[in-house]
Amino acid sequence: MSSDPRSDPPGSPPDASRGPSPDGLHSDLYRYVTDFAHDTPGWVHSLAGYGTEGGLLILAALLAAACWRVRHAGPEVLARALLGGTAVAAAYGLSETAKLVVREERPCRAVPDAPTPIAPCPEPGDWSFPSNHATIAAAAAVTVVLVWRAMAWLVLPLAVLTAFSRVFLGVHYPHDVAAGALLGTAAVLLATWSAAGPATALTGRVRARLGYTSPAS
């Protein structure tokens, strides 16, 4: 196979603006998924392209619906919903910070002999690790499950597909989306566990002051 035309010419000095890129198993897994993606029909490519952003929009809508649904619930449930929503935003901020620290190059530029990505390769400086999409998708899905468990059958597979689409489209390594999913999940679980007591008490006081003295049955 021919060398990747996006790579530096042989003998040229390395580009100092590029971040580190994984080798070995990480690159092999990326090639395997992107080779598989190119063997799928064009309509699957289109579905993945729309779904990678659409999945986040659906999850955001379901998160908003879950929070609205429990607005008259007990203080503990409402506090969990508000903490989860806050943790989604915090997880996104942490993922952006991690990108700036790790500075991992996108696989669509770094992996030699890989297929051309289905989605446009992000601009240089838009680092790869971890995946923001996977972080937000996992955090939103876990929050929905914590306050609206009946929707787990929908939000969990949707989060997985949204995360996988980032590798399928060729813009992330598999470990990018795995790390993002773990970060999003951990942020929500940590927030809802560690701050549950104070948040529940505060929610109860605020609701009492506003006249909501008892939750709806």
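The values are calculated or read from the model by the stated rules, or taken from the named source; none is laboratory data. Computed from a predicted model, the values in this text were never measured in an experiment. Quick reminder, even Gly has a Cβ in these numbers, built from the backbone with ideal geometry, and neighbours come from all protein chains shown. Quick note on the areas: whole protein, heavy atoms, side chains included, nothing else; ligands and nucleic acids left out. Shrake-Rupley method; radii C 1.70, N 1.55, O 1.52, S 1.80 Å.
Between the beta carbons of Leu57 and Leu100, assuming R0 = 30 Å, the FRET efficiency works out to 0.70 to the nearest 0.05.
Ranking Ile118, His172, Trp148 by how far each Cα lies toward the positive end of the dipole of the stretch 78-217 (charges on Cβ) leaves Trp148 at the top.
The residue among Gly204, Gly184, Pro130 whose Cα reaches farthest toward the positive pole of the charge dipole of the stretch 115-217, with charges on the beta-carbon of Lys, Arg, Asp and Glu, is Gly204. Using R0 = 30 Å, the C-beta based FRET efficiency linking Leu29 and Leu190 works out to 0.60. Computed with a 1.4 Å probe over protein heavy atoms only, the accessible surface of the stretch 54-182 comes to 41 Å² per residue. If you wrap the Cα atoms of the stretch 138-184 in a convex hull and average its projected area over all directions, you get 3.0 nm².
Between Arg209 and Ala89, the FRET efficiency estimated from the beta carbon spacing at R0 = 25 angstrom works out to 0.45.
Computed in the context of the full set of protein chains, the accessible area of the stretch 88-217 at 1.4 Å probe radius has 71% of its extent on carbon or sulfur.
Sequentially through the stretch 181-191, phi angles give Karplus couplings (6.51, -1.76, 1.60; θ = phi - 60°) of 5, 5, 5, x, 5, 5, 4, 5, 5, 5, 5 Hz, Gly and Pro residues having no value and appearing as x.
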